[in-house]
Amino acid sequence: MTTRTKPKAAAKKPAPKAAAPEVAIIGGGLGGMTAALKLLQAGFKVTLFERYDRLGGNTASERVNGVEHDVYPHMFCDWYANFWQLFEHDLGLSREDHFVAHPGSLLREPGSGDYVTMLNPTSIEALLANLKSGAMSPAELLLLGYSGVDLASQQFDRDGLNQLGKLDVNGFLYSRGYATEAVAAMQNYLLTLVWSIDSDVTSAPTYGNFLQHSLRFPDHSPFDWLLRNSLNDGLIAPFRAKLEALGCTIRTGCAVQSVRLDSDHRPILRWQTKGAKRTQTKAFDYGVLAVPHEAMADLVMCRTSGIAGSRIVDAEPELANLRRLTSSAIPVLDLYLRVKLDGFPADNIGLAGSNYGLTALDISQLWPAELFGGKTALVVAASDGDAIPSEDPEQAAMLMLAEFARYYPQFAGIARWGDPDCIVDWAKTHIRLNAHHKLFLDDTGSWAFRPAAAYPETLPRLAFGGDLCRTDVEMATMEGAVQSGTLAAAAVQAQDARITGLQRGKEIADVPHRVYSPTTFRAAKLLLLPSAYAAYALVALDQYRAAKAAGDDRAGEALATLVENLALVLPKAATEAGEGAYWFYRSLVDKDEEDPGDEAIGLGAAALMVLGEIADYAASHLGGEERPVPETGAAKAFEGIAGEIAGIAGRAFGAVRDAAANGNTAKRRWRVKS
Amino acid sequence: MARTQRFDAIVVGGGPAGSAMGWALATRGIKVAVVEKAVFPREKVCGDFVEPAGLRILEHRGCIPQLDLGKRLPITRNRVYYEARLPYHGEIPYYDGAHGMPPHGYIIPRDQLDTVLLQNAEDAGATVFRGAAAKVLEREGDSNILFARQGKEELRLEAPVIVGADGVQSMVAKTKDLRRTDRRHIGASQRVYLDNLEIEEGEATIWFDEDQIPGYGWMFPMTGGRANMGIGLLTETCDRFGMSVQHCFRDAVERLRFRHPGCRNARVASKPLGGAVHMYGGITRNHFDGGILIGDAGSFVDPMTGEGITQGMESAILGAHSVALALEAGRFDEAQFASFERDFRAYFDPAMRYLVLLAQLLRNRHFHESMFIGTRKGFERAQVQRSFGEISGTSFGGLNVQPLAMTGQLLWSLAEHFLRGGAAAFVDAISGRGFTGNGAVEDLLAWQRGWRASTAHDLGWHLSWLGDIVRAMGTLGPSFLMDENPRLRGPIAFLEAQS
């Protein structure tokens, strides 16, 4: 909305006679860097501590033999409002110049020469294309989509204290009447691929929250954006330059060994710089802990004795729960080749059914061409790294490569690491197991144990950042890291204002996400419910046919199963519809629709938006316009069931029109009045 | 320290709303002061059009003789231009002279109108401070203290009730933190007096240009070849699309010269003046501890036409009732003045809420093609079908807004257009004429271009706009359920029926 009033804080510049308060930020990942930036902008004096030589944490790159290797590949989703605000506004960089949008991602089966395209279901075209993609039967795909909407529309208790709410994604699916094995397997595959976590341990409320953010039909948004450079060159180096320009003291290669609190709650840091003989100690006015959960637990528990000050956990015992959090390493193999592989798509590729959960990305088509000299470079990541039966990097690399060769036979028969008799350029190729760059796991029940941005009552001079912290984006993402860094900075600023009675700088605030209101999700679920159960019946029928065709119906078991399933469809659908209708009614009477807030999209607006898109789609058919499906390497234009309905009049008309035009070219029936 | 003068009520502002309040309170025997910063006569940015409902109030107050209506031109006819086309030319279809209203409106320049009206309030017994600029409003206990400056003299007025009738830049609204800033509901206008015109007597002209949508221009003729001419635009649109009211206005003067044969030699006879209008949809609350807001200060302007003179007087008469009740009860808190909210909602909501919805629908400039074609077809239909002009015509002026009938008419027209167009296209195709540029299909594609431009330009805004439409639809209950628009019988009859 347009308001012309400026925040009063901005108008009144504080004239601090006293020196700016000093803030220590421990952890130079995306969360810590964001907190540093926001605090510097507000006029704080910031020292950023990073254990390794480079900033970036899980978004860092490592330089080996002159080649940049990213910790692991990242998806920059379109809805990462805080990240894009940081990149475009704070760093002043252009998204279009540095990123390329991808409408979807690809799947490849072993032994198949072809790819299946899955588009981000944010337009009618993409939805229809997905249904016809062949990744699963259209009925199973519809069920997969429905399960996502269903989970997004569930109401979970947000404290994480409710025992029944400590539910995993797979368990949630099991509780649904429409669940099929293929849907459960696909959900598991997606979670493993992106978050390295199995669906049977992923927190359902947390994943539901992620789905609420990412289900954005019909806004035509792409699946994600890919950085057209290494993380270091494309993101971290300009970020660091910005911090330095703002006067940040950056201490890389500097391990913070302990953080204790003085009698005034100030954090006392003890650190050791790489190569230095002695440790240094200093008390800061404020501290932000933005390190991975293991390091954070160590700092909070501070097991080392003989250090002045009190332990953090003594002030806030809840933080002992940090020890319950878990994470997982994703081994990554950067395969630099001596040749150019033709026909390799420029999309994220999931290798369906691979051991170790392999994904591949051709960076030579993405990063600046001069880095590759016309040759191909592939980043192969093992999302299920714990399945690799080796802890030796090169051995692990060979195992990954052998698995990779099942999909790409060009890589078959490589004998050992450094085998000169193959297409791999070993001098540039690099493997890392990433034991020190683990990905935080959103496992069941973890929400209750994740740290908040701040504990103003007990820890007035500390804040917490990083993707493990509780934010509006629950799933571990870069967006979560940026948002938590912002919230940590805001907490420090607020505490400082409380102590000094004067707000320093402009108010630090995160960017709210535009999501559909709960009512909207519930309405969508109800709307889709009949087709979901119809799809479920269809799947049961398909299974029966398959069993019969395979001759597995000896004693009529398959038929019995079919009859059972079909008999249960109606009561199950009725139960779910009744429950869904109740929750829909509840969200209506709870009035979350009356003013769903600036960023939540209310039911009415959503309904008009969807109707408008359908009308737009139908108008295209009527007007004879070819609407391309968003382009990907393997995308083909399809027209599916719903499209038939929307466009049936248009195409019938078009056909008649064309036939008439073709058939009557010779004798025109203009009659001239004489 | 200025000597304190005590009243029962102080009205800040002596325009149509303020003077009506002064008159209405004074005739009830209430001791009222009207504080007007200007010394009348003075110019005011306005279309100067007083519609029949306004004239009915003026007649009730007995100021018709002073206004010399006999010497003025009644506005009986209208021309509607769409760029160079003239889709409507004829009688104004919706004024019928029923319910004690004259069958025509008049153009009465505001310098004359406001002077007469304020005098009328004074004659009725109100104390009028002319040339007295209200400076500061304070609240002490149950009392409002208004400090004003009249020439060199400081005034200190005290009353339990304060009425803000001080226009768009209302000092009272600002003090009470009720001044509207929501540019979705604020219009901007600019107007001038033209002379050297040769126009048929009593024929107004309005026009729409596709590059100045949402908005319109007007020319209201007076005697002696003079006319009030101006344009109005929505400020939100100006902000979003970098449109300048001044530029649009200059273009409009030029265009008028060549589109209207009677304006070929038009001469600008006064300095163009710009102003803002706060429209009904932007009302948050019009009452507070110690008083109420009326007229433009209370955002009582029609969201489609930008008319506000009549609504200003109507809101004053409704408000006077609440003020009298408060004085009777000896209570002056916000809850007491909530009776004003109830009254004006009951009175205005049925018609205004519907007009707010129409204005919301027309708010998205990306749909300029569709809006332009669609509304033009409406005027074309009104030209040949009188009932369409009588009912749907009231979306753009006129009092007898009948939402149910209008919705039926509009939806039926749309359905008919697209069904007929679809059928025609089909017949064309099968009879071998091939694909002809069919109107209905073209209109659908024009809509589609708007939809795509809007979603691509700013999806967040687009969604919030859709949300606004839905919210506007959600308040239509009173519009569809009413037997008769309360405005039809006027505020005085409305209050009488209540008691």
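For segment B:350-373, enumerate the residues that are buried (at least 23 other Cβ atoms within 10 Å of the Cβ) and outside any helix (DSSP H, G or I).
The one that is buried (at least 23 other Cβ atoms within 10 Å of the Cβ) and outside any helix (DSSP H, G or I): B:ASN364.
Report yes if some residue within segment B:164-175 is farther than 23 Å from B:PRO214 by Cα and either over 22 Å from the mean Cα position of the chain (by Cα) or among the basic types (Lys, Arg) (or both); otherwise report no.
Yes: one or more hits.
Got at least one residue in segment B:187-203 being among the β-branched types (Val, Ile, Thr) and either more than 30 Å from B:GLY225 (Cα to Cα) or in contact with an Asp or Glu (Cβ under 6 Å, 6 or more places away or on another chain) (or both)? Outline the logic, then answer.
If we filter segment B:187-203 for residues that are among the β-branched types (Val, Ile, Thr), which is where we start, we get B:192, B:199.
Next, only the ones that are either more than 30 Å from B:GLY225 (Cα to Cα) or in contact with an Asp or Glu (Cβ under 6 Å, 6 or more places away or on another chain) (or both) stay: none.
Looking for residues that are among the β-branched types (Val, Ile, Thr) and either more than 30 Å from B:GLY225 (Cα to Cα) or in contact with an Asp or Glu (Cβ under 6 Å, 6 or more places away or on another chain) (or both), one finds none in segment B:187-203, hence no.
So which residues in segment A:375-413 are within 19 Å of A:ASN65 (Cα to Cα) and not β-branched (Val, Ile, Thr), if there are any at all?
A:LYS375, A:ALA377, A:LEU378, A:PRO393, A:GLU394, A:ALA397
Every residue, every condition in (1) touching a His at 6+ places or on another chain (Cβ under 6 Å); (2) closer than 30 Å to B:GLN311 by Cα; (3) in the same structural domain as B:ALA316 (by TED's automatic domain parsing); (4) not hydroxyl-bearing (Ser, Thr, Tyr), yes or no:
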position: B:LEU410; (1), (2), (3), (4): no, yes, no, yes
position: B:GLU416; (1), (2), (3), (4): no, no, no, yes
position: B:THR455; (1), (2), (3), (4): yes, no, no, no
position: B:GLY477; (1), (2), (3), (4): no, yes, no, yes
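Which of (1) surrounded by fewer than 22 Cβ atoms within 10 Å (Cβ to Cβ); (2) assigned to a loop (DSSP other than H, G, I, E, B); (3) outside the structural domain of A:ASP384 (by TED's automatic domain parsing) is the odd one out, the single condition A:GLY353 does not satisfy?
Going through the list (1) surrounded by fewer than 22 Cβ atoms within 10 Å (Cβ to Cβ); (2) assigned to a loop (DSSP other than H, G, I, E, B); (3) outside the structural domain of A:ASP384 (by TED's automatic domain parsing), A:GLY353 breaks only (3).
Return the pairs, sorted by first residue and then second, in which the second residue is among the aliphatic types (A, V, I, L, M) and in a helix (DSSP H, G or I), the first residue lies in segment A:554-565 and is within 13 Å of A:GLN543 (Cα to Cα), the beta carbons are less than 7 Å apart, and the residues are 6+ apart or on different chains.
A:ALA558/A:ALA547; A:LEU562/A:ALA540; A:LEU562/A:LEU541; A:ASN565/A:ALA540
Any residue in segment B:413-431 that is more than 10 Å from chain A (Cβ to nearest Cβ) sitting within a Cβ distance under 9 Å of a residue that is loosely packed, with under 15 Cβ neighbours inside 10 Å and outside any helix (DSSP H, G or I)? List the pairs, counting only those 6 or more apart or interchain.
B:ALA424/B:THR436
Given the residues B:PHE372, B:PHE396, which is the only one that is touching a Ser or Thr at 6+ places or on another chain (Cβ under 8 Å) and more than 8 Å from chain A (Cβ to nearest Cβ)? Reasoning before the result, please.
On the way: B:PHE372 fails: touching a Ser or Thr at 6+ places or on another chain (Cβ under 8 Å).
Just one listed residue meets the conditions, B:PHE396.
Quick test of your reading of the structure: B:ILE492 fulfils all but one of (1) away from chain A (no Cβ under 14 Å); (2) of a type in the set (Val, Ile, Thr); (3) surrounded by 19 or more Cβ atoms within 10 Å (Cβ to Cβ). Name the failing condition by number.
Going through (1) away from chain A (no Cβ under 14 Å); (2) of a type in the set (Val, Ile, Thr); (3) surrounded by 19 or more Cβ atoms within 10 Å (Cβ to Cβ) one by one, B:ILE492 breaks only (3).
I'd like to check something: does segment A:269-290 contain any residue that is in a loop (DSSP other than H, G, I, E, B) and within 30 Å of A:TRP195 (Cβ to Cβ)?
Within segment A:269-290, the subset in a loop (DSSP other than H, G, I, E, B) is A:274-279, A:284-285, A:290.
Those still in the list that are within 30 Å of A:TRP195 (Cβ to Cβ) too: A:290.
Yes, some residue in segment A:269-290 is in a loop (DSSP other than H, G, I, E, B) and within 30 Å of A:TRP195 (Cβ to Cβ).
For segment A:177-225, what are the residues that are outside any loop (DSSP other than H, G, I, E, B), charged (D, E, K, R) and at pLDDT 90 or above?
Of all residues in segment A:177-225, those outside any loop (DSSP other than H, G, I, E, B) come to A:181-195, A:202-214, A:224-225.
If we keep only those that are charged (D, E, K, R) as well, we get A:181, A:224.
Listed by number, the list holds a single entry, A:GLU181.
Which one of these does A:ALA549 not meet: (1) aliphatic (A, V, I, L, M); (2) modelled with pLDDT under 95; (3) closer than 30 Å to A:THR575 by Cβ; (4) in the same structural domain as A:VAL149 (by TED's automatic domain parsing)?
Condition (3) is where A:ALA549 drops out.
Take the residues in segment A:358-392 that are charged (D, E, K, R) and within 17 Å of A:PRO345 (Cα to Cα); name whichever of them is surrounded by the fewest Cβ atoms within 10 Å (Cβ to Cβ). Please lay out each step first, then the result.
Step one: list which residues in segment A:358-392 are charged (D, E, K, R), which gives A:362, A:370, A:375, A:384, A:386, A:391-392.
Next cut, within 17 Å of A:PRO345 (Cα to Cα) only: A:362, A:375.
Details: A:ASP362: 21, A:LYS375: 16.
Ranking the qualifying residues of segment A:358-392, first place goes to A:LYS375.
Do we find a residue being closer than 21 Å to A:SER105 by Cα and either in contact with a helix residue (DSSP H, G or I) (Cβ under 7 Å, 6 or more places away or on another chain) or among the basic types (Lys, Arg) (or both) anywhere in segment A:168-183?
Here is the first cut: in segment A:168-183, the ones closer than 21 Å to A:SER105 by Cα are A:182-183.
Cutting the leftovers down to either in contact with a helix residue (DSSP H, G or I) (Cβ under 7 Å, 6 or more places away or on another chain) or among the basic types (Lys, Arg) (or both) gives us A:182-183.
Within segment A:168-183, one or more residues are closer than 21 Å to A:SER105 by Cα and either in contact with a helix residue (DSSP H, G or I) (Cβ under 7 Å, 6 or more places away or on another chain) or among the basic types (Lys, Arg) (or both).
If you go through segment B:462-488, how many residues are without any contact (Cβ under 8 Å) to a residue 40 or more places away in the chain and either within 14 Å of another protein chain (Cβ to nearest Cβ) or buried (at least 18 other Cβ atoms within 10 Å of the Cβ) (or both)?
7
Restricting attention to segment B:191-207, report how many residues are under 17 Å from the mean Cα position of the chain (by Cα) and surrounded by fewer than 21 Cβ atoms within 10 Å (Cβ to Cβ).
Result for segment B:191-207: 1.
What is the number of the single condition among (1) free of Cβ contacts under 8 Å to residues at least 40 places away in the same chain; (2) in contact with a strand residue (DSSP E or B) (Cβ under 6 Å, 6 or more places away or on another chain); (3) among the β-branched types (Val, Ile, Thr) that B:THR181 does not meet?
Status for B:THR181: all satisfied but (2).
For every residue, the table says whether it meets (1) in contact with a His (Cβ under 7 Å, 6 or more places away or on another chain); (2) part of a helix (DSSP H, G or I); (3) under 20 Å from B:ARG471 (Cβ atoms).
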site	(1), (2), (3)
B:GLU307	no, no, no
B:GLY312	no, yes, no
B:ALA320	no, yes, no
B:LEU327	no, yes, no
B:PHE340	yes, yes, no
B:PHE348	no, yes, yes
B:GLU380	no, yes, no
B:SER392	no, yes, no
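In segment B:435-442, is there at least one residue being part of a helix (DSSP H, G or I), modelled with pLDDT under 90 and either at the interface with chain A (Cβ under 8 Å from one of its Cβ atoms) or out of contact with any helix residue (DSSP H, G or I) (no Cβ under 9 Å at 6 or more places or on another chain) (or both)?
Residues of segment B:435-442 part of a helix (DSSP H, G or I): B:439-442.
Checking which are modelled with pLDDT under 90 leaves us with B:439-442.
From what's left, either at the interface with chain A (Cβ under 8 Å from one of its Cβ atoms) or out of contact with any helix residue (DSSP H, G or I) (no Cβ under 9 Å at 6 or more places or on another chain) (or both): B:441.
Looking through segment B:435-442, at least one residue is part of a helix (DSSP H, G or I), modelled with pLDDT under 90 and either at the interface with chain A (Cβ under 8 Å from one of its Cβ atoms) or out of contact with any helix residue (DSSP H, G or I) (no Cβ under 9 Å at 6 or more places or on another chain) (or both).
Does B:ILE391 satisfy being within 22 Å of the chain's Cα centre (by Cα), surrounded by fewer than 21 Cβ atoms within 10 Å (Cβ to Cβ) and at negative phi?
no
The values are calculated or read from the model by the stated rules, or taken from the named source; none is laboratory data. These numbers come from a predicted model, not from an experiment. We place every Cβ from the backbone using ideal geometry, glycine too, and count neighbours over all the protein chains shown.
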